[in-house]
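Visitor: The structure is given below, and queries will be raised subsequently.
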Amino acid sequence: MKPRALVMMVALAGLAAGPVTAAPLRVLSLDQCADQYVLALAPDAELALSPRADDPDSRLREAARGRRQVRPTLEAAIAFQPDVVVRYWGGEPRLLAALERRGVQVLLIDDATDMAGVQTTIRTVSAGLGHADRGEALIRHMDAQLATVSPPSGSRPGALYLTAGGFTAGRETLVGAILVAAGFANLAVSPGFAPVSVERIALNRPARFVLGFFDQIRADWRGPGRHPVVRRAAAGRVAARLPATVLSCPAWFAADAAALLAHAP
């Protein structure tokens, strides 16, 4: 064997025997809520985010800028070849089924209705992404935020949550849990989300309003929540205006929303 060839073989053998660097985890996010989870829990992974990752109502939009964004389709998923997929509502069921058939791990974000449910989801998703420690850090952040909220000494003041689209949130919703955590009594007593008519507000004006999603100027511009009658009814009675960034996903920033509401001037 020629000396040059022998040297080449030795060099290649040394490379083969050297340490192998594991490829980063490839994570596909199917919607804006999932974007928040993967950006917070696996920022060092190879991420493919949803097209809404850097929209104005995305909590971590600054961290999303410059990242790859893909449509939640089977073709895009096959091209990206993810190890893990995270989903709240995005993507069709057949997409998830096809991914699972290919051995891809699918992590689902539950539609939590209270703070404990959010923390359960954080633990599930963070463990699935291999970063349980980061999940626990987010949970500690939630606990710290909620600890700043002092429970009322007497009866709770009543407040009606209202969106620009004219909807409210009652029992068994995360928004309802935010109101209670902030020390308010929810004036929407029925479970779930429901429309609120302009006439109802005019005839039975709530003592306080908690406005949600009104910062999205182009959203529901002609919605009932922006009606002049509602605007007059809410004048001087708005306890807080909660931005879309803390309301659009059942995540750790629900505790931020509660603290923001409790400490609003």
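The values are calculated or read from the model by the stated rules, or taken from the named source; none is laboratory data. Everything quoted here is computed from the prediction, not taken from an experiment. Here the Cβ positions follow ideal geometry from the backbone for every residue, glycine too, while neighbour counts run over all protein chains shown.
Visitor: Failed condition for Arg208, given (1) charged (D, E, K, R); (2) touching a residue at least 24 places away in the same chain (Cβ under 8 Å); (3) surrounded by fewer than 16 Cβ atoms within 10 Å (Cβ to Cβ), with all others met?
Guide: Among (1) charged (D, E, K, R); (2) touching a residue at least 24 places away in the same chain (Cβ under 8 Å); (3) surrounded by fewer than 16 Cβ atoms within 10 Å (Cβ to Cβ), the lone unmet condition for Arg208 is (3).
Visitor: Considering each residue of segment 72-89, count those that are under 19 Å from Leu41 (Cα atoms) and either loosely packed, with under 13 Cβ neighbours inside 10 Å or in contact (Cβ under 8 Å) with a residue 60 or more places away in the chain (or both), and give that number.
Guide: Residues meeting the conditions: 1.
Visitor: Any residue at all in segment 155-167 that's under 22 Å from the mean Cα position of the chain (by Cα), aliphatic (A, V, I, L, M) and in the same structural domain as Gly236 (by TED's automatic domain parsing)?
Guide: Yes, the conditions are met somewhere in segment 155-167.
Residues are listed down the side, and each one gets a yes or a no for (1) out of contact with any strand residue (DSSP E or B) (no Cβ under 7 Å at 6 or more places or on another chain); (2) surrounded by fewer than 19 Cβ atoms within 10 Å (Cβ to Cβ); (3) more than 12 Å from Asp57 (Cβ to Cβ):
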residue	(1), (2), (3)
Arg226	yes, yes, yes
Ala251	yes, no, yes
Ala259	yes, no, yes
Ala264	no, yes, yes
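Visitor: Turning to a different aspect of this structure: Being among the hydrophobic types (A, V, I, L, M, F, W, C) and in a loop (DSSP other than H, G, I, E, B) is the filter; apply it to segment 105-125 and report the residue that is surrounded by the fewest Cβ atoms within 10 Å (Cβ to Cβ).
Guide: Ala112
Visitor: Could you identify the single residue in Thr173, Thr148 that is exposed (fewer than 15 other Cβ atoms within 10 Å of the Cβ), closer than 24 Å to Ala40 by Cα and touching a residue at least 12 places away in the same chain (Cβ under 8 Å)?
Guide: So the residue among Thr173, Thr148 that is exposed (fewer than 15 other Cβ atoms within 10 Å of the Cβ), closer than 24 Å to Ala40 by Cα and touching a residue at least 12 places away in the same chain (Cβ under 8 Å) is Thr148.
Visitor: A follow-up question, please. Working carefully through the options Gly236, Gly183, find the one that is free of Cβ contacts under 8 Å to residues at least 24 places away in the same chain and on the phi > 0 side of the Ramachandran plot.
Guide: Of Gly236, Gly183, the one residue that is free of Cβ contacts under 8 Å to residues at least 24 places away in the same chain and on the phi > 0 side of the Ramachandran plot is Gly236.
Visitor: Follow-up question, since we're still on this one. What number of residues within segment 221-263 satisfy the criterion of being out of contact with any Lys or Arg (no Cβ under 6 Å at 6 or more places or on another chain) and closer than 21 Å to Asp143 by Cβ?
Guide: 17
Visitor: Which one is surrounded by the most Cβ atoms within 10 Å (Cβ to Cβ) among residues in segment 228-246 that are within 21 Å of the chain's Cα centre (by Cα) and outside any loop (DSSP other than H, G, I, E, B)?
Guide: Leu242
Visitor: A further question follows. Search segment 247-259 for residues that are not assigned by TED's automatic domain parsing to the domain that holds Ile122 and pair each with any residue that is outside any loop (DSSP other than H, G, I, E, B) and among the β-branched types (Val, Ile, Thr) when their beta-carbon atoms are under 6 Å apart and the residues are at least 6 apart or on different chains.
Guide: Sorted first by the residue in segment 247-259, then by its partner, the pairs are Pro250/Val118; Phe253/Val246; Ala254/Val118; Ala254/Ile178; Asp256/Val246; Ala257/Ile178; Ala257/Val246; Ala258/Ile178.
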